[in-house]
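The values are calculated or read from the model by the stated rules, or taken from the named source; none is laboratory data. All of these numbers come straight from a predicted model, not from anything done at the bench. Cβ coordinates were reconstructed from backbone atoms using ideal geometry, including for glycine residues, and neighbour counts include every protein chain displayed. Each accessible area value is taken on the protein alone, full model and side chains, heavy atoms only, with ligands, DNA and RNA left out. Shrake-Rupley method; radii C 1.70, N 1.55, O 1.52, S 1.80 Å.
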Amino acid sequence: MSRLTDLIAKAKAKDPQFGADLEREFRALSSRLSFGLNFERHRPEAVELPQRTVRRGDKVRVLPPRGSTAKGDARLWLVKAIHKAKKTADLDLLDATEAEPQTVAMDDLIVIAEFRDTIYPGLVSTGKVTRGGDKPWHTVINGENYHVLKALTWTHRGKVDAIYIDPPYNTGAKDWKYNNDYVEGDDLYRHSKWLAMMERRLLVAKELLNPADSVLIVTIDEKEYLRLGSLLEQTCPEARIQMVSSIVNPNGTGRPDALNRTDEYLYFVRFGTARITPQPNTNGKAKVARWDTFRRHNPVNIRSSRPNQFYPIYVNEKTRRIESVGEPITPETDRHSVPDILGCVAVFPIREDGTEMLWSTLARVARKRAEDGFLRVGKKEPDSPQVYPIMGVYSGTIKDVHEGRARVVKRREDGSADIEYSESMLVLPTTNWSYPSHNARAHGTDLVPKIVGRRFPFPKSLYAVEDALRFFVAQNLDATILDFFSGSGTTAHAVMRLNKQDGGNRQCISVTNNEVSADEQKALREQGLRPGDPEWEKLGICDYITKPRVQAAITGKTPDGEPIRGDYKFTDEFPMADGFEENAEFFTLTYETPIAVSYQTAFARIAPLLWLRAGSVGGRIEKVPAAGWEVVDSYGLLVELDKATDFLKATRKAKALRIAYIVTDDERRFQALARRLPEGVEAIRLYESYLTNFAFANGEDA
Ligand SMILES: C[S@@+](CC[C@H](N)C(=O)[O-])C[C@H]1O[C@@H](n2cnc3c(N)ncnc32)[C@H](O)[C@@H]1O
């Protein structure tokens, strides 16, 4: 039942005449459809929180007995009292009076958060993978996306450059849940529920996008594309919206008595000055090709890890030209014993701290690249001990030169090449996409099991997501990208590929819940399991697919520890087993109380939010600092104001500091301290800033 009809029924029960009048007015109004999209906002959504222990004052549902597959009691109850010894709780029915209070075993209760409730979010880290040195971290968050979006309003308001989402398509085949129930084809309110679900999330997501320059990309198919188009126009009237039709299944999906469907759609919703970067005729990159250090960045690529990639590159000391590339030396050979070449210095891949690392390619490949002008000696950076930094272009760029998508526009004195994608080779995309690389079966459905050894229903083609994003983030090497229906984690994977192609530092926030499929849910219930049981949770999408996929993509190894078989294709081809030099951390959303936040007992779970707000880069302050303050790479935290002098001194020394969090209730002292911070460092008062953000960001359904 919709929210309005629900309320009318209640009104009728209390006062029949008043109810009938109300109903007549409602009917008159609903027959006068205004232009635009008309739908009912429905009962506010609610989410079950199986991990939360039940406390007095919580809203709960009573679960059906273990082993039962029945729908169970959908009503919400309020916990009035808890009897610890008996392990029971006294419940009153919420929002109604017709039911008797009841006493129920605590085990049979599940805590509920309604979307109209104010929530105070936290995050618990559940693992990480580090291969990207000091690059910013990608994050994967397990949680109800509406609440994670709310959490991000504190960490990322106006800071997201691109959102890519692939929401449930509302096929009627139990592909999504509204209020914990699968929405089926015969549900009269199916479209209206879907619109209500999408609208709530889009409105919060919009607060995260940079209004001056950002894009929202939404994929959809024929079931909801018309309604979604209208919804986007209504929620984003200031944006420029275009729709692309994209062939993702060239063989077509048969529908009874209907045309064979080969395509689906992408809406591109552009805010502010967001521009589409023209691309080479085939998939490609930015206009001027980038150079990067030829030494491997990743800390694991030390000399001993591969025998053939440690060799001297001889540089002429006067001209700074690369004269020749020597042979690899065995791990036991002292690098200082290599033969001398007159007037040259032998350069090895040595990190700033003196660690012997690897060059990016074998000596034979480096020799050819040096001859072709794809290697050069870069400038000496003032603070770097590297006198002759060896620089190279990416293999994808070299391929583009060979295949005519890019050209050498100039040769420098040292013979090295300046490469550009000329304007005539760059084109704006059309609104009809037909690329073999976007085939969802070949490069999504069949790719995911190769990486994680598990199947996922309807992932996107990795290359399709990569291409869609490239048009908007090609020029922004530090872009923040969000996917809050991330499923198998294709978007994060695509962002890592983009970074590899141009040396970018983009970061992706992936959000998805830990649902199991409808069939799995039935089977698990029959086995007597419930959400929250470890055997159930480990099969949830986030824990079973999203996190392992992102981890496997980075390490190049499947969850079983085997190298991933096969190569990446299209724009940038290389073995999947190489992985990516990236960092990712995995989190689960928690629900805190404002008291625990202000008294800092929830600090461990607020800590990741402080780090996220400061850019998810560098170290994190995990505990309330015993010294009263602490400064890490991108932020500092002052909890004892009488330690302010030491704190301020440390903030001046930190080179990349963005935020100073100051814990105080005294606004004047806070302001006085804020003025003494180094320029460009933002001061944030805790926990006032956090608490007010969520107190005012209350759900729209109240
Ligand atoms: C169509 S899939 C996305 C697939 C993804 N693009 C890929 O390539 O793998 C949508 C995902 O959103 C998740 N989801 C649906 N409703 C959600 C919600 N309310 N909160 C969090 N995640 C949700 C589902 O678990 C599902 O995995």
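Looking only at residues that are among the basic types (Lys, Arg) and within 14 Å of the ligand (Cβ to nearest atom) in region 455-473, which one is least open to solvent (accessible area, probe 1.4 Å)?
Applying the filter and picking the extreme gives Lys460.
Considering only residues of region 166-210 that are of a type in the set (S, T, N, Q) and either more than 13 Å from the ligand (Cβ to nearest atom) or open to solvent by 40 Å² or more (accessible area, probe 1.4 Å) (or both), which is modelled with the lowest pLDDT?
Looking at the filtered set, the residue picked out is Asn180.
Could you tell me whether Thr118 is in contact with a helix residue (DSSP H, G or I) (Cβ under 8 Å, 6 or more places away or on another chain), at pLDDT below 95 and assigned to a loop (DSSP other than H, G, I, E, B)? Step through it out loud before you land on a result.
Details: in contact with a helix residue (DSSP H, G or I) (Cβ under 8 Å, 6 or more places away or on another chain): yes; at pLDDT below 95: yes; assigned to a loop (DSSP other than H, G, I, E, B): yes.
Considered against the rule, which asks whether it is in contact with a helix residue (DSSP H, G or I) (Cβ under 8 Å, 6 or more places away or on another chain), at pLDDT below 95 and assigned to a loop (DSSP other than H, G, I, E, B), Thr118 comes out as yes.
Restricting attention to region 517-574, which residues are of a type in the set (D, E, K, R) and assigned to a loop (DSSP other than H, G, I, E, B)?
Scanning region 517-574 gives Arg530, Asp533, Lys538, Asp560, Glu562, Arg565, Lys569, Asp572, Glu573.
When region 361-385 is examined, which residues are found to be in contact (Cβ under 8 Å) with a residue 24 or more places away in the chain, open to solvent by 40 Å² or more (accessible area, probe 1.4 Å) and over 19 Å from Asp418 (Cα atoms)?
Leu362, Pro385
Consider region 474-503. How many of its residues are modelled with pLDDT of 95 or more, in contact with a helix residue (DSSP H, G or I) (Cβ under 7 Å, 6 or more places away or on another chain) and away from the ligand (no atom under 16 Å from the Cβ)?
The number of residues fulfilling the criteria is 2.
Being among the basic types (Lys, Arg), open to solvent by less than 60 Å² (accessible area, probe 1.4 Å), in contact with a Pro (Cβ under 9 Å, 6 or more places away or on another chain) and at negative phi: is that true of Arg261 here?
For Arg261, the condition - among the basic types (Lys, Arg), open to solvent by less than 60 Å² (accessible area, probe 1.4 Å), in contact with a Pro (Cβ under 9 Å, 6 or more places away or on another chain) and at negative phi - is not met.
Quick check on this structure: which one of Arg255, Arg240, Arg270 is more than 16 Å from the ligand (Cβ to nearest atom), modelled with pLDDT of 95 or more, open to solvent by 10 Å² or more (accessible area, probe 1.4 Å) and out of contact with any Ser or Thr (no Cβ under 9 Å at 6 or more places or on another chain)?
Of the residues listed, the single one that is more than 16 Å from the ligand (Cβ to nearest atom), modelled with pLDDT of 95 or more, open to solvent by 10 Å² or more (accessible area, probe 1.4 Å) and out of contact with any Ser or Thr (no Cβ under 9 Å at 6 or more places or on another chain) is Arg240.
Need the failing condition index for Asn693 against (1) farther than 25 Å from Tyr120 by Cβ; (2) open to solvent by less than 70 Å² (accessible area, probe 1.4 Å), just the number.
Of (1) farther than 25 Å from Tyr120 by Cβ; (2) open to solvent by less than 70 Å² (accessible area, probe 1.4 Å), only one is false for Asn693: (1).
Can you tell me how many residues within region 386-414 are closer than 19 Å to His297 by Cβ, assigned to a loop (DSSP other than H, G, I, E, B) and touching a residue at least 60 places away in the same chain (Cβ under 8 Å)?
Final tally of qualifying residues: 3.
Each row is one residue, and each column tells you yes or no for (1) in contact with a helix residue (DSSP H, G or I) (Cβ under 6 Å, 6 or more places away or on another chain); (2) within 30 Å of Glu582 (Cα to Cα).
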| position | (1), (2) |
| --- | --- |
| Ala596 | no, no |
| Leu610 | no, yes |
| Ser616 | no, yes |
| Leu638 | yes, no |
| Arg658 | no, yes |
| Ala672 | no, no |
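Take the residues of region 537-571 that are out of contact with any Gly (no Cβ under 7 Å at 6 or more places or on another chain) and free of Cβ contacts under 8 Å to residues at least 24 places away in the same chain: which is farthest from Glu585 (Cα to Cα)?
Applying the filter and picking the extreme gives Asp567.
Within region 505-527, identify whether any single residue is more than 13 Å from the ligand (Cβ to nearest atom), open to solvent by 20 Å² or more (accessible area, probe 1.4 Å), out of contact with any helix residue (DSSP H, G or I) (no Cβ under 9 Å at 6 or more places or on another chain) and more than 21 Å from Asp181 (Cβ to Cβ), and answer yes or no.
No - not one qualifying residue is present in region 505-527.
Suppose we filter region 117-156 for residues that are over 13 Å from the mean Cα position of the chain (by Cα) and either closer than 17 Å to Ile606 by Cα or among the polar types (S, T, N, Q) (or both); how many remain?
Residues in region 117-156 being over 13 Å from the mean Cα position of the chain (by Cα) and either closer than 17 Å to Ile606 by Cα or among the polar types (S, T, N, Q) (or both): 17 in total.
Open to solvent by 40 Å² or more (accessible area, probe 1.4 Å), away from the ligand (no atom under 16 Å from the Cβ) and polar (S, T, N, Q) - does that describe any residue in region 127-145?
Yes; the residues of region 127-145 include at least one that is open to solvent by 40 Å² or more (accessible area, probe 1.4 Å), away from the ligand (no atom under 16 Å from the Cβ) and polar (S, T, N, Q).
For region 541-565, name all the residues that are open to solvent by 40 Å² or more (accessible area, probe 1.4 Å) and touching a strand residue (DSSP E or B) at 6+ places or on another chain (Cβ under 8 Å).
Within region 541-565, Ile541, Asp543, Gln551, Thr555, Lys557, Pro563 qualify.
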